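S.K.: First, the structure itself, so that you have it in front of you.
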Amino acid sequence: MEKTNKKGTLNGQLRPQAALSRLCSSGHGGPRSGKAVRPALRQQSETMMGAARRHVVCAISGGVDSAVAALLLRRRGYEVTGVFMNNWDMVDEKGTCQGNQDCEDAYKVCQILNIPFRQVSYVKEYWNEVFSYLLNEYEVGRTPNPDIICNKYIKFNYFLYYAMDNIGADAIATGHYARTSLEDHEVFQQKYKQRPPGLFRNRFEIRNTVKLLQGADHNKDQTFFLSQISQEALEKTIFPLGDLTKDFVKKIAAEHQLYHVLKKKESMGLCFVGKRDFSEFLLEYLQPRPGNFVSIEDGKVIGTHQGCFLYTFGQKAKLKNCSCAWFVVDKNVASGEVFVAPGRDHPALYRDLLRTSRVHWIAEDPPAELVHNKMMECNFRFLHLMALVPCTLTLNQDGSVWLTLAKPIRDLTAGQFAVFYKGDECLGSGMILRLGPSVFTLQQGKNRETTGV
């Protein structure tokens with residue numbers, strides 16, 4: 001077990017001088033912030049004077065990112081408590097809980113770092129807030145993103161209040177690759193206040209809005225998954241990995257003997273599905289609703305399926321006796337029809353218009369430019385790490401937006417979140433509720449006008 005010496009380093013191991021100031025400082029003076037990095041001696045002195053009294057509760061998942069996040073918090077001199085969240089209570093086919101290994105790995109991380117370990121269960125909350133939402137969305141024909149909803153309602157809601165109210169934390173931390181506009185000491189200065197559910201904030205309250213910024217490693221940036229969290233949560237959150245690359249995080253883990261999490265495969269997809277086929281998993285909770293695969297080109301039935309909810313836009317359809325691949329381009333939940341088109345680049349897969357639900361703005365209010373002009377240019381993505389795409393937003397009276405693209409893109413999908421960016425800042429997101437006509441539909445309309453049919 002590693003012990004902390006008087007200088008706040010683990011086993012007396014100091015990072016190379018060039019990296020020390022970035023890793024151990026209480027700010028975000030990384031290469032992308034444009035801020036000067038303070039000298040190591042001054043920084044160490046400031047850390048020792050104030051940081052030791054600060055208590056940060058770090059979410060520990062059993063993976064390498066959260067482990068290194070906790071390690072870096074220790075090295076900044078903070079009192080750190082690690083908390084493992086159990087969100088799923090399901091025994092797999094072999095009779096072992098899939099979350100047990102992650103919990104054991106998280107506990108071992110805390111042992112190595114010599115910090116307290118706690119475990120908290122949000123099984124009921126996850127079922128009510130996340131999993132029920134997931135099933136409902138699939139039933140109505142949309143493709144949900146449970147990771148975004150989990151962050152909104154579990155990690156940056158229930159976990160935040162648990163850390164503050166039950167443990168007495170000054171701040172929380174996670175292993176997300178993201179940044180905020182606050183330095184650590186500014187996070188500690190934020191007053192913790194839990195707003196009652198459904199209560200609107202005081203419009204006359206003077207607030208310094210906290211910005212959510214992309215991580216320095218754009219190949220790992222996770223602001224997409226954080227685009228629905230609240231200002232209250234962001235004000236009290238530290239992202240220790242925000243200025244680091246994944247490779248550097250792995251190097252830190254190796255140098256501090258965190259081999260058991262370093263060798264784990266990175267978790268992908270829904271953790272509670274495990275190794276099962278996702279369609280089979282859904283059919284354990286939703287009743288089959290057989291229907292037909294219908295060609296978008298001529299309306300002919302070319303196959304059958306067990307339910308619209310098993311297919312999403314752009315997905316390859318499971319068709320027998322077809323010489324080419326067919327892809328899902330539209331669905332009719334009422335009739336059970338799944339419309340498909342031949343080829344990966346069929347024009348029926350491309351659209352340039354969508355409408356969202358009421359947008360959740362990180363700053364709580366829409367950008368001033370959008371309010372004033374009712375239109376605003378920005379960038380967006382609807383899949384994690386897809387290239388940002390320029391778009392124009394048009395604000396509606398109900399808080400939703402129409403999003404227009406200069407050029408159609410592939411596989412826009414109802415139920416996914418359109419996440420908006422201005423430069424490095426993540427502005428917020430809205431769920432995609434409606435899609436405009438596909439390029440193929442527009443071509444068909446033009447052809448009918450030309451022929452007069």
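S.K.: Those residues that are more than 17 Å from Q228 (Cβ to Cβ) and assigned to a strand (DSSP E or B), I need them from the range 414-452; list them, please.
M.R.: Correct list: K422, R434, L435, S438.
S.K.: Could you run through the range 374-391 and say how many residues are closer than 22 Å to L349 by Cβ and in a strand (DSSP E or B)?
M.R.: Looking only at that region, the number is 6.
Each row is one residue, and each column tells you yes or no for (1) free of Cβ contacts under 8 Å to residues at least 12 places away in the same chain; (2) more than 30 Å from D298 (Cβ to Cβ).
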position: I362; (1), (2): no, yes
position: M376; (1), (2): no, yes
position: N379; (1), (2): no, yes
position: M386; (1), (2): yes, yes
position: A414; (1), (2): no, no
position: I432; (1), (2): no, no
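This table checks each residue for (1) assigned to a loop (DSSP other than H, G, I, E, B); (2) within 23 Å of L412 (Cα to Cα); (3) touching a helix residue (DSSP H, G or I) at 6+ places or on another chain (Cβ under 8 Å).
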residue: K264; (1), (2), (3): yes, no, yes
residue: F293; (1), (2), (3): no, yes, no
residue: G303; (1), (2), (3): no, no, no
residue: G314; (1), (2), (3): yes, yes, yes
residue: D330; (1), (2), (3): no, yes, yes
residue: R344; (1), (2), (3): yes, yes, no
residue: R358; (1), (2), (3): yes, yes, no
residue: D365; (1), (2), (3): yes, no, yes
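S.K.: What tally of residues in the range 296-329 results from selecting those that are acidic (D, E) and surrounded by fewer than 14 Cβ atoms within 10 Å (Cβ to Cβ)?
M.R.: Of all residues in the range 296-329, those acidic (D, E) come to 297-298.
Keeping just the survivors that are surrounded by fewer than 14 Cβ atoms within 10 Å (Cβ to Cβ) gives 298.
Number of matching residues: 1.
S.K.: Still on this structure, please answer the following. From N114, N145, N128, N86, grab the single residue that is under 23 Å from E280 (Cα atoms), of a type in the set (S, T, N, Q) and touching a strand residue (DSSP E or B) at 6+ places or on another chain (Cβ under 8 Å). Spell out how you get there, then give the answer.
M.R.: Numbers: N114 fails: under 23 Å from E280 (Cα atoms); N128 fails: touching a strand residue (DSSP E or B) at 6+ places or on another chain (Cβ under 8 Å); N86 fails: under 23 Å from E280 (Cα atoms).
So the residue among N114, N145, N128, N86 that is under 23 Å from E280 (Cα atoms), of a type in the set (S, T, N, Q) and touching a strand residue (DSSP E or B) at 6+ places or on another chain (Cβ under 8 Å) is N145.
S.K.: Which one of these is out of contact with any helix residue (DSSP H, G or I) (no Cβ under 7 Å at 6 or more places or on another chain) and modelled with pLDDT of 95 or more: H55, H28?
M.R.: H55
S.K.: In the range 216-234, what residues are open to solvent by less than 10 Å² (accessible area, probe 1.4 Å) and closer than 19 Å to F188 by Cα?
M.R.: Listed by number, the residues that qualify are I229, Q231, A233, L234.
S.K.: Looking only at residues that are under 14 Å from M431 (Cα atoms) and small (G, A, S) in the range 380-411, which one is surrounded by the most Cβ atoms within 10 Å (Cβ to Cβ)?
M.R.: Only one residue tops the list, namely S400.
Every residue, every condition in (1) closer than 30 Å to D105 by Cα; (2) surrounded by 15 or more Cβ atoms within 10 Å (Cβ to Cβ); (3) at pLDDT 95 or above; (4) over 31 Å from the mean Cα position of the chain (by Cα), yes or no:
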site	(1), (2), (3), (4)
M268	yes, no, no, no
V273	yes, yes, no, no
E280	yes, no, no, no
P290	no, no, yes, yes
K331	no, yes, yes, no
R344	no, no, no, no
P347	no, yes, yes, no
R351	no, yes, yes, no
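The values are calculated or read from the model by the stated rules, or taken from the named source; none is laboratory data. Keep in mind that this is a model prediction, so the values were computed, not measured. Note that each Cβ is placed from the backbone with ideal geometry, even for glycine, and that neighbours are counted across all protein chains shown. These area figures cover heavy atoms from the full protein model, side chains too; ligands, DNA and RNA do not enter into them. Shrake-Rupley method; radii C 1.70, N 1.55, O 1.52, S 1.80 Å.
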